[in-house]
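Data block below; observations after.
The values are calculated or read from the model by the stated rules, or taken from the named source; none is laboratory data. Worth saying up front: this structure is predicted, and the values here are computed from it rather than measured. Glycine also receives a Cβ, built like all others from the backbone with ideal geometry; neighbour counts cover every protein chain displayed. Accessible surface areas use protein heavy atoms only, side chains included; no ligands, DNA or RNA. Shrake-Rupley method; radii C 1.70, N 1.55, O 1.52, S 1.80 Å.
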Amino acid sequence: MVGADTAWIIVATALVLLMTLPGLALFYGGLVRARNVLSVFMHCYAIACLMSVLWLVAGYSIAFGEATSWWGGYDKMFLAGVTTDSLAGTLPEVLFFAFQMTFAIITPALIVGAYVERIGFGFVLLFSGLWMLLCYAPVVHWIWGGGFLADGGIFGETGVKDFAGGIVVHETAGIAALILAAVLGRRKDDNKPPHNPGYVVIGASLLWVGWFGFNGGSQLAADGGAAMALTVTHLSAATATLTWALWEKIKYGKASVVGAVTGTIAGLASITPASGFVGPVEALIIGGVAGILCQEAVGLIRNKIRIDDTLDVMAVHGVGGIFGTIMIAVFGAGSWAAQLGSLVIVGIFTTVVTFALIYICRLVTPLRVDEETEFNGLDLAVHGESAYDHAS
C-alpha cells in the first residue's frame, strides 16, 4: 500500500492547494465590492507564496521537529537531513512536508476574510508570516507533531482528537480573524452587497471539492479510513447547506444562494476535526446543526458584538471548528477533558500571540489604509489595477 498511499497524498496535496488557489480567492473575492476583488486575490496569492517559503525555512521544523513537546526546534530547517528516501510513516517525508505546507498556506489565508477592503498589504504579509511561524506551527506541533496535547501528553494516554484541523486550522484562524477585525475597526461603508455571487458559488464549489483532500488526505493513507473521511465530509457539507437555507427561509422568507454556499463551508469546517472519528449518521447531525449554529453566530458577531469580521471567518470557521471538536467528545470518540482543555489552551495562546503580533507589526508597517484609499478601493490605489473596465 506504500505506493497507493503516496499516490493518494500527492492528489490530496493538489486538492488542498486548490482550496486556496483558486477556491478561497474566488469565494472571498466575490463577497467584496468590485473595487477590492483584485486585492483579495492578491492577498490569497501572496500568502500562498510566502507561507510556502517560510514553511521550508522554519515552519515545518517548528511543527514536526522533535526538540521538546512544546517546540519542534530547528533541526529540519530547509528540510535538512530529508532526502527522497526519508519516510514519514509510509509516505516520503518530502511529500508529507508538501501536504502539510498546503495547510500552512490556507490557515492564514482564511484570516483574509476578516480584514478585506481596508488593510495595508505590507501588514498582511508581515503579520501572516509571523503568525504562521509563531502561532500556527507551534499548535501543529502540540497536536499533530507529538506535542503536549497529543496522546501521552498532559491529558494522559488519550490526548486531543483533531483529525484535520478543527483546532489547528479553524479555531486559530477564527480567533485571529476576530481579534484583527476588532483592532482594525469597521469599514467606512459596510453596507455594499457582494459584487459577484457567481464567484462565491464557484469558490465554494472548489472549496468543497478540495476539502476531500483536506480531510480524506489527513488519513495519510489510501484506505477505508480515508474513504470514510471523504464521505462524511460530503454529507456534512450537503446537510449544512440545506439547514442554512431552510433557516434563512424561516427567518427572512427567502433562501439566498450566498447563504446556501456559506452553509456548505460551515458544514465542511464543522466536520473537519471529527471526520476521522465519526460515521455518516453523525455527519448528518453535525452538518444539520452547523447550518443553523454558524448562521446564528454570524448574526451575533455582526449585530450584537458589532465586530466587522467582514466575511464571517470566526462565525463560520471558528465556531464550526470548535463545534466539531466538541462533537468528538459528544459521540464518545474523545475525552471531554482533552477536547475542551485543548480548545481553551489553544484559544488563549492564539489570543495572546495574535494581539502581540498586531502590536509589533503596526510598529513596522501601517495596519489600515487611509480613508481615501479605502473609498476608492484597494485594487487601483494599492495594486494599480482594476478588475473591471466599466468603460468597455
Across the stretch 353-392, what is the number of residues that are open to solvent by less than 90 Å² (accessible area, probe 1.4 Å) and either among the charged types (D, E, K, R) or part of a helix (DSSP H, G or I) (or both)? 17
Somewhere in the stretch 116-126, is a residue at negative phi, of a type in the set (G, A, S) and surrounded by fewer than 21 Cβ atoms within 10 Å (Cβ to Cβ)? yes
Exactly one condition in (1) open to solvent by 20 Å² or more (accessible area, probe 1.4 Å); (2) among the hydrophobic types (A, V, I, L, M, F, W, C); (3) without any contact (Cβ under 8 Å) to a residue 60 or more places away in the chain is not met by V201; state its number. (3)
Conditions first: (1) at positive phi; (2) free of Cβ contacts under 8 Å to residues at least 40 places away in the same chain. L220 passes all but one, so which condition is the exception? (2)
Quick one: would you say S61 is free of Cβ contacts under 8 Å to residues at least 60 places away in the same chain, buried (at least 24 other Cβ atoms within 10 Å of the Cβ) and closer than 27 Å to G153 by Cα? yes
Kindly list the number of the only condition in (1) touching an Asp or Glu at 6+ places or on another chain (Cβ under 8 Å); (2) among the hydroxyl-bearing types (S, T, Y); (3) outside any helix (DSSP H, G or I); (4) closer than 27 Å to G89 by Cα that fails for T310. (4)
Note: among A88, A25, just one is of a type outside the set (D, E) and surrounded by fewer than 21 Cβ atoms within 10 Å (Cβ to Cβ), namely A88
For the stretch 223-245, does any single residue satisfy the condition of being assigned to a loop (DSSP other than H, G, I, E, B), touching a residue at least 24 places away in the same chain (Cβ under 8 Å) and surrounded by fewer than 19 Cβ atoms within 10 Å (Cβ to Cβ)? yes
Subset of the stretch 277-302 (residues that are closer than 24 Å to M228 by Cβ and open to solvent by less than 20 Å² (accessible area, probe 1.4 Å)): V278, G279, A283, I286, G287, G288, A290, G291, C294
The residue from A177, A150 that alone is hydrophobic (A, V, I, L, M, F, W, C), modelled with pLDDT of 95 or more and under 19 Å from A88 (Cβ atoms) is A150
Taking only pairs six or more apart or across chains, which ones have beta-carbon atoms under 7 Å, a first residue in the stretch 1-17 that is touching a residue at least 40 places away in the same chain (Cβ under 8 Å) and among the hydroxyl-bearing types (S, T, Y), and a second residue that is outside any helix (DSSP H, G or I) and open to solvent by less than 50 Å² (accessible area, probe 1.4 Å)? T6/L91; T6/P92
In the stretch 1-22, residue farthest from G224 (Cα to Cα) [restricted to those that are polar (S, T, N, Q) and open to solvent by 10 Å² or more (accessible area, probe 1.4 Å)]: T13
Among the residues of the stretch 329-342, which ones are part of a helix (DSSP H, G or I), open to solvent by 50 Å² or more (accessible area, probe 1.4 Å) and in contact (Cβ under 8 Å) with a residue 40 or more places away in the chain? A337
Pick out the one residue from I345, I305, I326, I322 that is of a type in the set (A, V, I, L, M), more than 16 Å from E171 (Cα to Cα) and either touching a helix residue (DSSP H, G or I) at 6+ places or on another chain (Cβ under 8 Å) or open to solvent by 10 Å² or more (accessible area, probe 1.4 Å) (or both). I305
